[in-house]
Amino acid sequence: MNKNTDTNIPDFIDEDTIYREMVRIISLHEIKVYQSRVDRVNSRMQRYFNSTPLKNVFARVCNYAFSVNEFYTIASVARELRSTRQAISSIVDECESEGWLNIRRSPNRVEFQASETLFESWRDYIDARTSLMSKVEHDEWINLLKVYKDFKRGSSVVV
């Protein structure tokens, strides 16, 4: 029997125990994420992007586009986010008027990505997000994830 001294995982565990621990860890983490979003409403931009789940994920899409130097269309983002073109178009218009997007227009096409302002605002978010999960919680999560995947593959697991 191989004793794992790096985590709080008992010597022998079953899939249900692993699942319960994973739910516990991820639930606490998601609660911390929510609290951080509520607490971090210091600017107009933070209030806007934290006001709805769609606007929140829209900011992520735009920052991703900026980070890979791509521009996305309203239609492609609407598909990706399972939203309507009208909803995404409205968000694009609102964000453009605030200067939060880089826009490229052609006759029947609008393409966009985060502006430097929106992209740079995420430095604070990254700092806040990375401080939410401690190294111990992170390591415990990774170890549990590995064991859980082994259970799903049908392996017998002894830790």
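Label zone of residue 37 (point 7 Å out along Cα→Cβ, amide N under 14 Å): in region 50-76 this covers 50-61. Model label sites at residue 57 and residue 28, defined 7 Å from Cα along the beta-carbon direction, differ in position by 2.8 nm. Residues whose amide H lies under 5 Å from that of residue 110, counting only those 5 or more places away or on a different chain, are 74; hydrogens are built 1.01 Å from N in the peptide plane.
Ignoring lysines fewer than eight residues from residue 32 along the same chain, the ones with Cα atoms less than 23 angstrom from its Cα are 55, 135. Overall form of the chain: prolate. Here a/c, set by the Cα gyration tensor axes a ≥ b ≥ c, is 1.5 or more, and a/b is the larger of a/b and b/c. Using the Cβ of residue 102 as centre and a radius below 14 Å, the other residues enclosed give a net charge of -4, where K and R count +1 and D and E count -1. In plain terms, the residue of 103, 25, 142 with the fewest other Cβ atoms within 10 Å comes first and the most crowded comes last, giving 142, 103, 25. Tell me the mean residue ellipticity at 222 nm calculated for the chain from its helices only (DSSP H runs of n ≥ 4, each -39500 (n - 2.57), averaged over every residue, nearest 500). Mean residue ellipticity, 222 nm, calculated: -20500 deg cm²/dmol. Exposed loop sites are taken as trypsin sites (Lys or Arg not before Pro) in a DSSP loop (any state but H, G, I, E or B) with at most 12 other beta carbon atoms within 10 Å; the longest stretch of the chain without one runs 4-81.
Every number here is computed from the coordinates shown, using simple stated rules; none is lab data. Quantities reported herein were computed from a predicted structural model and do not represent experimental measurements. Cβ atoms come from the backbone with ideal geometry, glycine included; neighbour counts cover every protein chain shown.
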